[in-house]
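Asks: Before I ask anything, here is the structure I am working with.
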Amino acid sequence: MTKEYFMSEIHNLYEQIEFPKQGILSKTIHESPSGEVNLFMLPKGEKISGHTSSRDAAVFILRGEADFMLGENWHRVKPGDWFFMEAGLVHALNAVDDLVFMLTLFGS
């Protein structure tokens, strides 16, 4: 997708969902100087190990449940849940179900 794909248009995020048989699939659905929006799709059982980001971020759960580690604490998240992560916060996840979430990264 080009950087302008979602500029000034309305699109359905659910139409962008496609689950990989294994691994993680991410799609950049918007990118601009003010930030970036990505759609992540993980099959049940997939994990993302602990890591940090140099940018503040927000996560919105669209489908499935997951165990998310934020700092030293684990949280069970479900569709409709969202949370903010400050830059530098260690985070990880375990997909309990097929999982879809939207990640917004702020700044560049």
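Asks: Out of Pro20, Pro79, which single residue is modelled with pLDDT under 95 and part of a loop (DSSP other than H, G, I, E, B)?
Replies: When all the criteria are applied, what remains is Pro20.
Asks: State yes or no: is Ile10 out of contact with any strand residue (DSSP E or B) (no Cβ under 7 Å at 6 or more places or on another chain) and of a type in the set (A, V, I, L, M)?
Replies: yes
Asks: Filter region 26-48 down to residues that are touching a Phe, Trp or Tyr at 6+ places or on another chain (Cβ under 7 Å) and under 12 Å from Phe101 (Cβ atoms) and give me whichever is surrounded by the most Cβ atoms within 10 Å (Cβ to Cβ).
Replies: Met41
Asks: Considering only residues that are closer than 13 Å to Ile48 by Cβ, assigned to a strand (DSSP E or B) and over 11 Å from the mean Cα position of the chain (by Cα), which ones fall in region 86-108?
Replies: His91, Ala92, Asn94, Ala95, listed by residue number.
Asks: Just checking, how many residues over region 66-80 are over 16 Å from His91 (Cα atoms) and either in contact with a Leu (Cβ under 8 Å, 6 or more places away or on another chain) or not basic (Lys, Arg) (or both)?
Replies: Our first condition is that a residue be over 16 Å from His91 (Cα atoms); within region 66-80, this holds for 78-80.
With either in contact with a Leu (Cβ under 8 Å, 6 or more places away or on another chain) or not basic (Lys, Arg) (or both) added as a condition, the list becomes 79-80.
Qualifying residue count for the region: 2.
Asks: Which one of the conditions (1) within 14 Å of the chain's Cα centre (by Cα); (2) under 19 Å from Asp81 (Cβ atoms) does Lys44 fail to meet, given that it meets all the rest?
Replies: Of (1) within 14 Å of the chain's Cα centre (by Cα); (2) under 19 Å from Asp81 (Cβ atoms), only one is false for Lys44: (1).
The values are calculated or read from the model by the stated rules, or taken from the named source; none is laboratory data. Computed from a prediction, not measured in an experiment: that's the story for all the values here. Ideal geometry is used to build each Cβ from the backbone, glycine not excepted, and the neighbour counts take in all protein chains shown.
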